[in-house]
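Trainee: Right, I'll just put the structure down here and ask away after.
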Amino acid sequence: MTTAIDFTKPARLLKTPPGMYRHDGDRFPGLYLNVGKTKSTWYIKRKVDGKTKSIKIGGFPAMDALTAFKQGDTKTDVAKSDIQTVRDGWRFWCDTSQAQGGMSDSHRERMTRQLEMHAKEIMDSNVADVTSANVQAVLNRLMAEGKKATARAVRIGIGNAFNFAPVVNPVGQKKTRVAKSDETEAQWTAVARAHDLDADDWSVIWEAIMARREQNVIVGTAVAVMFLTGIRSENVCSLSWDQVDLQNKTIHLTKMKNKLARTLPVMDTVIELLKAIRQSGSEWVFPASSATGYITDPKGTYTTLGDERVRVFLPHDGRRHFMQASAEAFLPDYVAHFLRGDKKAGEGSDMLMKYLKRMGNRRAVEDIEKVYFERIKVEPSFDIVC
């Protein structure tokens, strides 16, 4: 049973108890809001092939009633469209994302190649025939080969392919799993799921970090470096300018968790961030009035979604996001581990040396940077502020 309520008053909707609601009036026919304990979701009921179907639209308050209603018509057309195979669903999702400016040609090409390489049997299948067990079998195979980052990227890609398909998505937080090992879930992944947002869209994270940088340029820059490099928080915080080579675009780590020293190539964006604060006059890159002389714990980064203040980034999350971006850039896991200063990179040292000799030190970080640009939806630039 549904209850009528005015969808044009979002403040009232935020205080609505759990239940299914329709609009009190004739402005949004077929639109419903399912209010749960932790999140609220828009649905629209439409006739598809002679049958009434309830089509999921998106989350509230991230999406208002008018936007949900308009998107409902689009998704209804999709449900009537000729999405037969998972490949059809993937192409439609890519076309839609590109039409909305959310995906570049290079991103589409990379992800398509990855799905065709690792999940061709899924891509060839009819959307109605694919089960969670089928998807999990592909993920298990990749994990058995030591390709956990690739498994995560493939899982995301298959899930996106079903976003517009007129069937239940076989990919879900509890339906399929990729072994986490040390890669536990990032804050943003949980927040996006709770608010029915796109976890692959990192623009919210970046905007929150840049807002923090405006409040405190030193701390905000340190957090941005963690986000973009995957280097451990303690290594970033304790950086001295002697460890930074702005000309060769590298950072030399000496106090690593694995007791090793390593010189890492970093993105151009990271170098530009550091150049912007180079005039600070301290031996430390991120100085502070503390016993150590530098910042020690930047803690979480927050933003506001609707009327809720939520944490979207923790220092250690940078390591998780970096692995996701590396997988999307088609980098072997041992290269990604090397670039963020992990001991694990030593396990494939011979292969690593061959890769670096063949591709050079800059190619990997350049490819990763492109993925970050696509996900944060901007190519940043910074003015000197100190």
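The values are calculated or read from the model by the stated rules, or taken from the named source; none is laboratory data. Since the structure is predicted, the reported quantities are computational estimates derived from the model, not experimental observations. No Cβ is skipped: glycine too gets one built from the backbone with ideal geometry, and neighbour counts run over all protein chains shown.
Trainee: Within the bounds of the range 94-104, is there any residue that is outside any loop (DSSP other than H, G, I, E, B), closer than 30 Å to residue 28 by Cα, among the hydrophobic types (A, V, I, L, M, F, W, C) and modelled with pLDDT of 80 or more? Give the steps one after another, and end with the answer.
Mentor: If we filter the range 94-104 for residues that are outside any loop (DSSP other than H, G, I, E, B), which is where we start, we get 94-99.
Narrowing the set further to residues that are closer than 30 Å to residue 28 by Cα leaves 94-99.
Filter once more, keeping what is among the hydrophobic types (A, V, I, L, M, F, W, C): 94, 99.
Checking which are modelled with pLDDT of 80 or more leaves us with 94.
Yes - at least one qualifying residue is present in the range 94-104.
Trainee: Consider residue 274 against the criteria (1) surrounded by 13 or more Cβ atoms within 10 Å (Cβ to Cβ); (2) over 30 Å from residue 371 (Cβ atoms); (3) among the aliphatic types (A, V, I, L, M): it satisfies all of them except one. Which criterion is unmet?
Mentor: All conditions pass for residue 274, except number (2).
Trainee: Next up: Can we say residue 12 is more than 13 Å from residue 66 (Cβ to Cβ) and either assigned to a strand (DSSP E or B) or in contact with a Ser or Thr (Cβ under 6 Å, 6 or more places away or on another chain) (or both)?
Mentor: Taking the combined requirement at face value, the residue does not satisfy it.
Trainee: Between a first residue in the range 185-207 that is buried (at least 19 other Cβ atoms within 10 Å of the Cβ) and a second residue that is modelled with pLDDT under 90, which pairs have beta carbons less than 6 Å apart while being 6 or more apart in sequence or on different chains?
Mentor: Going by the 6 Å Cβ cut-off, the qualifying pairs are 192/199; 195/59; 195/62.
Let's see how each residue does on (1) within 18 Å of residue 333 (Cα to Cα); (2) modelled with pLDDT of 85 or more; (3) not assigned by TED's automatic domain parsing to the domain that holds residue 270; (4) not in a loop (DSSP other than H, G, I, E, B):
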position: 138; (1), (2), (3), (4): yes, yes, yes, yes
position: 141; (1), (2), (3), (4): yes, yes, yes, yes
position: 146; (1), (2), (3), (4): yes, no, yes, no
position: 160; (1), (2), (3), (4): no, yes, yes, yes
position: 169; (1), (2), (3), (4): no, no, yes, no
position: 173; (1), (2), (3), (4): no, no, yes, no
position: 214; (1), (2), (3), (4): no, yes, no, yes
position: 219; (1), (2), (3), (4): no, yes, no, yes
position: 222; (1), (2), (3), (4): no, yes, no, yes
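Trainee: Right, something else. Mind listing just one residue for me: the one in the range 217-249 that is of a type outside the set (A, V, I, L, M, F, W, C), touching a residue at least 40 places away in the same chain (Cβ under 8 Å) and under 21 Å from residue 363 (Cα atoms) and, of those, surrounded by the fewest Cβ atoms within 10 Å (Cβ to Cβ)?
Mentor: My answer is 249.
Trainee: Could you give every pair whose Cβ atoms fall below 7 Å, whose first residue belongs to the range 359-386 and is over 23 Å from residue 213 (Cα atoms), and whose second residue is at pLDDT below 90, counting only separations of at least 6 or pairs across chains?
Mentor: 364/331; 364/335; 367/329; 367/331
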